[in-house]
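Here is the structure we will look at.
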């Protein structure tokens, strides 16, 4: 007969303590995954912090939402100012807000193709090109806004290059990066940047007014 099957009256104080600890541990373990899912809510900066740095764009292959395999470095180095963020399509906290900001920026840029908007999946095993296309459709993304997925290794390489890799998508934090041209420094916004802040960052470097 196991300890759990014994009547409580027959258990020693030591076994009673062990049984109590086990009873407390089981629901805690069951809640661990949901706690991880919610943890990033507490880590999100309420307002974006602006900084400037340099990143070496990795020469890896990603897959655009149109299904075409491309070299990520070539996609970013096409001469246009570029705005980059990191998302995953099943995200319910950070991504809907950050994607809405990029969607607003996309609308405010009007018909000008002068800026390249880039969203990279941090969950490429789930985010197929088809799923990324549907995500783009929901946001009414213009042709200037491209969505990328690919292999897990390639996605993590890109995340590490831009210092946004957190080991798990559950700890994803909002980060938006802006670069005016190849070879120039990157401006990094940690936290929820606004479309107006991004427009101001781009002003003077493009035809945007």
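Does segment 115-168 come out rounded, prolate or oblate by the C-alpha gyration tensor, with a ≥ b ≥ c the root eigenvalues, rounded set by a/c under 1.5 and, if not, prolate when a/b is larger than b/c and oblate if not? All intermediate terms of the calculation are to be shown ahead of the outcome.
Values: a/c = 2.53, a/b = 1.52, b/c = 1.66.
Judged from the Cα gyration tensor, segment 115-168 comes out oblate (a/c at least 1.5, b/c at or above a/b).
Among DSSP beta bridges lying fully in segment 49-202, give the percent that are antiparallel, nearest 5. Don't jump to the answer; show the numbers that get you there.
Numbers: 19 of 29 bridges.
Around 65 percent antiparallel, to the nearest 5.
In what sequence do 177, 97 fall when counting other Cβ within 10 Å, fewest first?
97, 177
For segment 49-202, what is the relative contact order in percent, using Cα pairs closer than 8 Å and at least 6 residues apart in sequence? Write out the running numbers ahead of the final one.
Numbers: 285 pairs, mean separation 54.4, N = 154.
Contact order relative to length: 35 percent.
Quick one: grab the alpha carbon gyration tensor of segment 49-202, order the square roots of its eigenvalues as a ≥ b ≥ c, and give me rounded if a/c is under 1.5, else prolate or oblate depending on whether a/b is larger than b/c.
Details: a/c = 1.20, a/b = 1.13, b/c = 1.06.
Rounded, since a/c falls under 1.5.
Take the alpha-carbon centre of segment 123-145, take the same for segment 148-186, and report the distance between them in whole Å.
17
A short reminder: the numbers here are calculations on the coordinates, not readings from a lab. Fair warning: this is a prediction, and the values are worked out from it, not measured in the lab. As a convention, Cβ positions derive from the backbone with ideal geometry for all residues, glycine included, and neighbour counts pool all protein chains shown.
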